[in-house]
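Only the coordinates and a few stated rules stand behind these numbers; no lab work does. Treat the numbers as computed from the prediction; the structure is a model and nothing was measured. Using ideal geometry, Cβ is built from the backbone for each residue, glycine included, and neighbour counts are taken over all protein chains shown.
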Amino acid sequence: MAADVSAAEQRLFSFVGGAIGAWSVVEIRPVRGPVLADVARLEVVQETSPAMPGGEGWVLKGVTSNIRYATTIEQGELRSLQAGLGRSEATCAALIPIRKTSAWWDLPQDERRAIFEEQSRHTRIGLRYLPPVARRLHHCRDLGTAEPFDFLTWFEFAPDYAGAFDDLLAELRATTEWSFVEREVEVRLSR
Ligand code: HEM
């Protein structure tokens, strides 16, 4: 049982927006629904109960999890192209918390996969931006607590790739999958 707890803790990441942290907040862009409060810095920590930042600060939590939609072939393509987080040249980052509608969550798995990939080409689009963009997906619904978002998506890239990253966002936001997004905030960062 103790082993389970520590395995779960290893997958848990907290994004703490406040006055301190390794990342400097460049801009918080409202995309859909209520935006997050303006903060100066962001710290990413792997603690179960990080200290709450003062003032208008916020803490968002999510866990890395198993694959839901990617096929064997897609996973192979992702593995062969993707870069790890923490590259020295990747001094830009984006934290994009996303919440999907209840209509999305009411769909059976096969219909969600069809919208995600066959209709929206999420992986196909994303693969074109690897390896310059490194990513990690965190799930919030798995936490069992009431969380404001369903996903915390995290991306790192070099400054000269910021324009291409904007193109990626525009491509994804034009898809059918994004018609199921009811809240999205774009936190752009640098270090
Ligand atoms: C950098 C290129 C990208 C690649 C290669 C990529 C790839 C993927 C893959 C393969 C999955 C499915 C994981 C699974 O099978 O469970 C996924 C899920 C997801 N991605 Fe991306 N992605 C990229 C960019 C983005 C961006 C820029 C955003 C946000 C603006 C985003 C948001 C999401 C979300 C919210 C999910 C979870 C969807 C769900 O489970 O309903 N992705 N991505």
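Evaluate the Debye formula for the range 140-191 with equal point scatterers sitting on the alpha carbons, no solvent, and hand back log10 of I(q)/I(0) at q = 0.13, 0.21, 0.31 Å⁻¹, in q order, two decimals.
-0.43, -0.95, -1.28
In debye, nearest 20, what is the charge dipole magnitude of the chain about its Cα centre with +1 on Lys and Arg Cβ and -1 on Asp and Glu Cβ, if you could check?
About 120 debye.
Once you have the Kirkwood Rh of the range 71-116 from its Cα pairs, apply Stokes-Einstein at 37 °C and 0.692 mPa s and quote D in µm²/s.
234 µm²/s
With just the Cα atoms of the range 95-167, tell me how far they stretch along each of the three principal axes, in Å, largest first.
39, 30, 15
Mind listing the phi-derived Karplus ³J(HN,Hα) values for the range 30-36, rounded to whole Hz, using 6.51, -1.76 and 1.60 with θ = phi - 60°, and x for any glycine or proline?
Calculated HN-Hα couplings, in order: x, 10, 8, x, x, 7, 8 Hz.
What order do you get for Thr101, Thr153 when you list them from fewest to most C-beta neighbours inside 10 Å?
Thr101, Thr153
Could you list Ser14, Ser190 so that the one with the fewest beta carbons within 10 Å of its beta carbon is first and the one with the most is last?
Lowest count first: Ser190, Ser14.
So if the hydrodynamic radius of the chain is defined as the Kirkwood radius over C-alpha pairs, what does Stokes-Einstein give as its diffusion coefficient at 4 °C and 1.567 mPa s, in µm² per second?
74 µm²/s
Report relative contact order for the range 1-139 in percent, whole number only (criteria: Cα-Cα under 8 Å, sequence separation at least 6). Each step should come with its number before you reach the end.
On the way: 150 pairs, mean separation 35.7, N = 139.
Once normalised by length, the contact order is 26 percent.
Based on the Cα gyration tensor of the range 1-50, what are the three equivalent ellipsoid semi-axes, each the root of five times an eigenvalue, rounded to whole Å and given largest first?
Working through the eigenvalues yields semi-axes of 28, 14, 7 Å.
Residues with amide H under 5 Å of Glu186's amide H, sequence separation 5 or more or different chain, H placed in the peptide plane at 1.01 Å from N; which?
Arg29, Val31
Mind giving me the FRET efficiency for Ala114 and Ala7? R0 is 35 Å, r the Cβ-Cβ distance, nearest 0.05 is fine.
Values: r = 32 Å, r/R0 = 0.91.
The computed FRET efficiency comes out at 0.65.
Take the Cα atoms of the range 49-154, find their three principal axes, and give me the spread along each one in whole Å, biggest first.
Per principal axis, max minus min of the Cα coordinates gives 45, 41, 19 Å.
How much length is gained on full extension from Ser65 to Val26, taking 0.36 nm per residue of separation minus their Cα-Cα distance?
Result: 11.2 nm gained on full extension.
Just order 47-56, 118-127 by mean Cβ neighbour count inside 10 Å, highest at the front, would you? List each step's numbers first, then the result.
Values: 47-56: 12.1, 118-127: 15.6.
Answer by packing, highest mean first, reads 118-127, 47-56.
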